[in-house]
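All remarks here apply to the structure that follows.
The values are calculated or read from the model by the stated rules, or taken from the named source; none is laboratory data. Predicted, not measured: the structure shown is a model, and the values here were computed from it. For neighbour counting, all protein chains shown are included, and Cβ atoms are generated from backbone atoms with ideal geometry for every residue, glycine included. Note: accessible area is taken over every heavy atom of the protein model, side chains too, but ligands, DNA and RNA are not part of it. Shrake-Rupley method; radii C 1.70, N 1.55, O 1.52, S 1.80 Å.
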Amino acid sequence: MKMNRKEAGAMEQNRNQKQPRKRALGIIVALVLLLCVSVGGSLAYLVATDGPITNIFSPATTAIRVDETCADNVESSIVVTNTGNTAVYIRVALVSGTENAEGNLVVDFYENLNNLTLSSGWVQHTDGYYYYTSPVAAYGSTNSLLGSSVTLAEGQTITVLAQCIQSEPSNAAVEAWGVDPAGLKGGN
């Protein structure tokens, strides 16, 4: 059977239209196979990997130590050291009194604790606490609370009650104490 030019041209055009379709179909099949191999390989790796996955979380610890220097009824230094592993704000209350016959502290008011001279960084707040206005780094220390020595009356003792709270998040002290130590002004 002999074809004329018109029929031959129509067949050639039909063949040219089928080639792009075959090429597109081949690319799609190749991409699907590549995706299957990638997913299958990833799953095989995850299934074959042994051992538990361990996530280690170390919570922050807050702890402080009070170091006092008192000799011959003269209190010369009160320093608070952060022994925890995170920065903290620190506040201190001073309770003065004498010991009774049973060895219990009897709280008394002594003028020598009124209007203390404070070291730099410390501020007395209206709630009766002395606040250190900067966060104290892990394993760091405050300046001495006392800017000058305090001579104690005969039998007088000073009990230092210190507290700390994480400095982060920034509102932790406000929520716990109702005071923002960093916002206090008036320190020496």
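Just a few scattered comments:
- Positive-end residue, segment 52-182 charge dipole about Cα centroid, Cβ charges, pick of 89, 138, 121: 138
- Protein accessible area in the chain, 1.4 Å probe - carbon and sulfur %: 56
- Zone of residue 170's modelled label, taken as backbone nitrogen in segment 121-135 under 19 Å from a point 7 Å along Cα→Cβ: 132-135
- Its Cα centre serving as origin, the chain has a Cβ charge dipole (Lys and Arg +1, Asp and Glu -1) of approximately 3440 debye.
- For a label point 7 Å along the Cα-to-beta-carbon line of residue 72, residues of segment 120-163 with backbone N under 18 Å: 148-156
- Accessible area per residue, Å², the chain with all protein chains present, probe 1.4 Å: 68
- Extension gain from residue 45 to residue 139, taking 0.36 nm per residue of separation minus the Cα-Cα distance: 29.4 nm
- Charges were assigned to the Cβ only: +1 to each Lys and Arg, -1 to each Asp and Glu. The resulting dipole of segment 93-188 about its Cα centre is roughly 340 debye.
- On the beta carbon distance between residue 112 and residue 58, with R0 = 41 Å, the FRET formula returns roughly 0.40.
- Cα long-axis angle, helix 5-48 against the chain (0 to 90 degrees, to the nearest 10): 30
- Projected label distance in nm at residue 25 and residue 93, using a 7 Å step from Cα toward the beta-carbon: 8.6
- Pair residue 101, residue 125: separation of 7 Å Cα→Cβ label points (nm): 4.1
- The alpha carbons of segment 42-188 stretch over 80, 39, 23 Å along the principal axes, in descending order.
- Across the chain, the longest piece that holds none of the GluC sites (Glu not before Pro) lying in DSSP loops with up to 15 other C-beta atoms within 10 Å covers 1-101.
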